[in-house]
Amino acid sequence: MDASTEMLLYVFSDRVTYQCSCGLRHPLRRIYFCKHCFKLRCGDCVSHEVDTHFCPNCLENMPSAEARLKKNRCANCVDCPSCLNTLSTRASTVSFPSPDDSTKTIPKKFYYLACGFCRWTSRDIGYKDKPHSSGGWPELENPHAKQIGLLLDHYRAVAQIEKMDRDRKKYPKRRTYLYFSDKYSLTTAIARKRAGLPPLANLSLKDDAEGKSLEFSPVEAIENVEPLSEDYFTQSVALHQVCTIKQRLLHPEFQPSFTKDMCPNHKLLLSKLSHRCKECEHNLCKPEYNANSIKFKIQLAAYYHFPELQIVTLPKFISEQVLIAFE
């Protein structure tokens with residue numbers, strides 16, 4: 001074992017663990033100490049709150065509502081679909097004939113995306129060069145976007161109904177005439193009829209907020225499958241033109257099989273989290289809002305308040321081996 005490995009194990013050694021207030025054991029660097037409860041808190045004993053979203057490339061802060069609207073992706077930075085590194089904008093000069101004099105040419109700049117690591121460019125998939133460098137690159141539309149939107153609207157309505165039910169259960173219910181009539185052998189249907197209320201069969205939870213029923217076409221298996229062409233058995237396979245599993249899963253809605261069908265993705269946003277004690281609801285860790293800063297406003301890590309114990313093995317010192325080494 002070399003010196004660098006020994007130093008790594010010395011700093012990040014998990015041989016000594018500390019018992020949290022919940023009973024679980026963790027290394028000292030992964031737990032917090034609450035000054036108000038005087039207890040150790042691990043990742044399961046704290047509530048995680050998102051403070052801000054930011055792009056790891058351009059470090060642009062983004063509110064939670066805007067990040068949700070943009071599907072947690074940066075509008076300016078683009079990832080390479082081949083190696084997942086950030087694409088840069090390159091310029092190329094194209095000459096056009098002058099409208100005043102046909103013998104002269106006018107240079108004009110056009111921009112395209114290029115990767116500095118794997119040499120992938122937007123020209124490889126047929127994207128045309130843009131006259132401006134600020135975004136505007138085409139994006140493929142999800143073929144199931146309409147059905148996904150209907151599902152989201154439906155489950156938002158379901159979540160709203162469940163929230164109303166939970167809020168209704170917080171307050172004590174007043175006993176009505178229908179409750180006592182049902183309790184003392186008077187059926188609910190007769191009581192509702194006498195009270196002039198509609199029958200229970202007409203009262204049901206609506207599928208969405210507007211009461212419109214959502215219609216979904218079920219997925220059906222297809223028995224008749226198109227046969228494979230003869231090129232699959234005779235044509236030679238070029239592995240560099242076939243997408244890997246990781247590249248296909250980057251586009252779950254399309255899952256391209258060949259590299260010519262891959263398209264660049266906007267870079268995913270990162271977030272800064274603050275940790276709060278679940279018992280007293282005081283902050284245990286709160287970073288600064290600025291994405292450029294790595295400092296913390298509040299940092300109640302346990303290694304600031306508890307001694308760190310380490311178990312090491314002392315080597316045996318033999319004087320003869322030392323003499324032979326110096327000779």
For this session: Give S293, S236, S257 a once-over and let me know the one that is under 21 Å from W120 (Cα atoms) and of a type in the set (G, A, S).
Result: S257
Problem set entry | Meets criteria (farther than 30 Å from S257 by Cα, surrounded by fewer than 15 Cβ atoms within 10 Å (Cβ to Cβ) and in contact (Cβ under 8 Å) with a residue 60 or more places away in the chain) for H53 | no
Seminar exercise, completed: Residues in segment 95-134 that are among the aliphatic types (A, V, I, L, M), in contact (Cβ under 8 Å) with a residue 24 or more places away in the chain and either in contact with a Cys (Cβ under 8 Å, 6 or more places away or on another chain) or more than 14 Å from P264 (Cα to Cα) (or both) total 1
For this session: Please specify each residue of segment 17-32 satisfying the condition of being more than 28 Å from the chain's Cα centre (by Cα), closer than 16 Å to I311 by Cβ and open to solvent by less than 50 Å² (accessible area, probe 1.4 Å).
Result: Y18
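Only one residue in R119, R90, R156 is at pLDDT 80 or above, open to solvent by 50 Å² or more (accessible area, probe 1.4 Å), charged (D, E, K, R) and within 20 Å of the chain's Cα centre (by Cα), so which one is that?
R156
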Exercise. In segment 165-179, what residues are open to solvent by less than 100 Å² (accessible area, probe 1.4 Å) and either of a type outside the set (F, W, Y) or at pLDDT 80 or above (or both)?
Worked result: D165, D167, T176, L178
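The values are calculated or read from the model by the stated rules, or taken from the named source; none is laboratory data. Not measured: the values here are computed from a predicted model. Neighbour counts are summed over all protein chains in view; Cβ atoms, including those assigned to glycine, are modelled from backbone coordinates with ideal geometry. Please note that ligands, DNA and RNA were not included when accessible areas were found on the heavy atoms of the full protein model with its side chains. Shrake-Rupley method; radii C 1.70, N 1.55, O 1.52, S 1.80 Å.
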